[in-house]
Amino acid sequence: MFQDSATTEANYEKFIERVLASGVVWGIEHPNETWATSTSNDDEETMIYVFFSDKAYAQRHCKEAWSESKPSTIDLDSFIDNWLRGMHEDGYLVGPNWDANFFGKEVEPLELAQRLACI
């Protein structure tokens, strides 16, 4: 089951809008202090870090294999300066506001940094 491109794009734009308004990004932190990742829906070799604009969006993914994980915040400036830069250097992509079925837009970290920094 895949989302249509309009829904995927709308979820991405909602992520940008809400993160800019709140100043925080939500991720899913595992008990071992690692953060939630998934494989790309387009390329099984590509790793995606999933992030959300709201705690509730992150919380709905804390089930099954991630049932002991918890939503955690990241300050927007740190997300842009540290997280996205590191993901770019390591060759990862970002999955902003993926749905409950783990589908959504797959974004290059520098593209997302530009959008969030309003460059």
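Key figures for this structure:
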quantity: Boolean, T7 is under 18 Å from N101 (Cβ atoms) and open to solvent by 50 Å² or more (accessible area, probe 1.4 Å); calculated: yes
quantity: Answer residue from the range 51-63, given it is basic (K, R) and in a loop (DSSP other than H, G, I, E, B) and is nearest to N97 (Cα to Cα) among those; calculated: R60
quantity: Selection count where residues are under 16 Å from E29 (Cα atoms) and buried (at least 20 other Cβ atoms within 10 Å of the Cβ), scope the range 63-86; calculated: 3
quantity: Every pair of residues 6+ apart whose Cβ atoms lie under 6 Å, when the first sits in the range 96-119 and is over 16 Å from G23 (Cβ atoms) while the second is among the aliphatic types (A, V, I, L, M) and open to solvent by 80 Å² or more (accessible area, probe 1.4 Å); calculated: N101/M1
quantity: Residues located in the range 15-50, provided they are part of a loop (DSSP other than H, G, I, E, B) and either open to solvent by less than 70 Å² (accessible area, probe 1.4 Å) or in contact (Cβ under 8 Å) with a residue 12 or more places away in the chain (or both); calculated: G23, H30, P31, T34, A36, S40, N41, D42, D43, T46
quantity: Complete set of residues in the range 40-74 that are touching a helix residue (DSSP H, G or I) at 6+ places or on another chain (Cβ under 9 Å) and among the β-branched types (V, I, T); calculated: V50, T73, I74
quantity: Filtered residue count, the range 51-62, keeping only those that are among the hydrophobic types (A, V, I, L, M, F, W, C) and open to solvent by less than 10 Å² (accessible area, probe 1.4 Å); calculated: 3
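The values are calculated or read from the model by the stated rules, or taken from the named source; none is laboratory data. Nothing here was measured: the structure is a model prediction, and the numbers come from that model. Every residue, glycine among them, receives a Cβ derived from its backbone with ideal geometry; neighbour counts consider all protein chains shown. Calculation scope for accessible area: heavy atoms of the full protein, side chains included, ligands and nucleic acids excluded. Shrake-Rupley method; radii C 1.70, N 1.55, O 1.52, S 1.80 Å.
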